[in-house]
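Notes follow once the structure below has been shown.
The values are calculated or read from the model by the stated rules, or taken from the named source; none is laboratory data. Small disclaimer: the values here were computed from a predicted structure and weren't measured. With ideal geometry, Cβ positions are generated from the backbone for all residues, glycine too; neighbour counts draw on all protein chains shown. Quick note on the areas: whole protein, heavy atoms, side chains included, nothing else; ligands and nucleic acids left out. Shrake-Rupley method; radii C 1.70, N 1.55, O 1.52, S 1.80 Å.
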Amino acid sequence: MKTIAFVGSNSSKSINKQLTLSLLKNQEVEFIDIQNWNIPMYSEDAQIKDGFPELINHLANQISTASNLIISVNEHNSDVSAFMKNILDWLSRHTKKIFTDKNVLVLSTSNGQRGGLSANEFTVGFCTRNGAVNVESFTFPSFSQYFDSEKQEISDNDKKTEFETIISNFIKK
């Protein structure tokens with residue numbers, strides 16, 4: 001079973017990307033780095049005029065060949081970031097029910113106590129509405145407190161074991 005992962009942040013210092021890459025160490029997961037993608041803002045006019053951006057075609061193709069999908073989502077102002085929302089908008093127009101028959105794991109982190117919960121919940125709902133058969137999620141609160149940015153790993157052993165187990169179990173589906 002193929003598992004792919006991507007992070008919905010375009011920040012060069014993305015804490016969601018740091019967390020995701022640390023959790024994917026030693027896992028058989030294809031990581032698709034979308035951080036520097038320059039995708040035009042979705043509009044029906046742009047879609048009709050120019051078609052789908054090549055990078056969206058690529059991501060949609062990767063999603064179609066995977067059984068499992070890990071999406072790490074960042075939060076801006078208690079919502080999913082504009083960058084991520086735009087990627088999701090293009091994907092949902094590219095293929096109706098883009099996540100049909102997929103297992104999806106949505107993860108998020110923030111420096112706050114909720115760990116990006118609002119963006120996480122939005123993305124879970126989006127995946128469910130777009131055909132995912134199984135959507136799981138977790139949030140990682142207080143990133144700066146529990147993540148060692150120098151070592152690029154979770155510094156709290158209990159949390160590290162918990163989240164690595166979640167990822168391992170998900171990939172085995």
Report summary line: The FRET efficiency for residue 162 and residue 93, from their Cβ-Cβ distance with R0 = 30 Å and rounded to 0.05, is 0.25
Query raised in the report: Out of region 1-44, which GluC sites (Glu not before Pro) are coil in DSSP terms and have no more than 11 other C-beta atoms within 10 Å?
Result: 28
Requested in this report: List the residues of region 99-125 whose backbone N lies under 16 Å from a point placed 7 Å from the Cα of residue 67 along the Cα-to-Cβ direction.
Outcome: 100-105
**Report entry** Total charge dipole magnitude, the chain, about the Cα centre, Cβ charges on Lys, Arg, Asp, Glu only, Debye to nearest 20
**Finding:** 320 debye
Query raised in the report: Hey, what do the phi angles of region 72-86 turn into as Karplus ³J(HN,Hα) couplings, whole Hz, using 6.51/-1.76/1.60 and θ = phi - 60°, x for Gly and Pro?
Result: 9, 10, 9, 10, 10, 6, 6, 8, 5, 5, 4, 4, 5, 4, 5
**Report entry** Dipole of the chain, positive end: most advanced residue of 131, 83, 108 [Cβ charges, Cα centre]
**Finding:** 131
**Report entry** Pairwise FRET efficiency - residue 2 versus residue 149, Cβ, R0 = 30 Å, nearest 0.05
**Finding:** 0.50
Query raised in the report: Straight-line reach from residue 25: which aspartates and glutamates have Cα under 18 Å away, leaving out those fewer than 8 places along the same chain?
Result: 33, 148, 150, 153, 156, 158, 162, 164
Query - Which labelled figure in (1) 9.3; (2) 12.7; (3) 11.6 is mean projected area of the Cα convex hull in nm², once derived from the coordinates - result: (1)
Query raised in the report: Quick one: helix 15-24 against the long Cα principal axis of the chain, what's the angle to the nearest 10°, folded into 0 to 90?
Result: 80 degrees
**Report entry** Amide hydrogen neighbours beyond the local backbone of residue 111, cut-off 5 Å, H modeled
**Finding:** 143
Requested in this report: Would you mind getting the accessible area per residue of the chain, heavy atoms of the protein chains only, 1.4 Å probe, in Å²?
Outcome: 50 Å²
Query raised in the report: Non-local amide H neighbours of residue 76 (under 5 Å, H modeled in plane, Pro and chain starts lacking H): which ones?
Result: 81
**Report entry** Listed residue (39, 16, 157) projecting farthest to the positive dipole end of the chain, Cβ model
**Finding:** 39
**Report entry** When each of 13/172; 2/151; 17/151; 102/173 is checked by Cα-Cα distance, pairs over 18 Å
**Finding:** 13/172; 2/151
Query raised in the report: Quick one: Cα centre-to-centre distance for region 1-59 and region 141-172, in angstrom?
Result: 21 Å
Query raised in the report: Taking amide H positions as placed 1.01 Å from N in the peptide plane, with prolines and chain starts having none, which residues 5 or more places from residue 106, or on another chain, fall under 5 Å of its amide H?
Result: 71, 136, 137, 138
**Report entry** Net charge of neighbours whose Cβ lies under 14 Å from the Cβ of residue 64, counting Lys and Arg as +1 and Asp and Glu as -1
**Finding:** +2
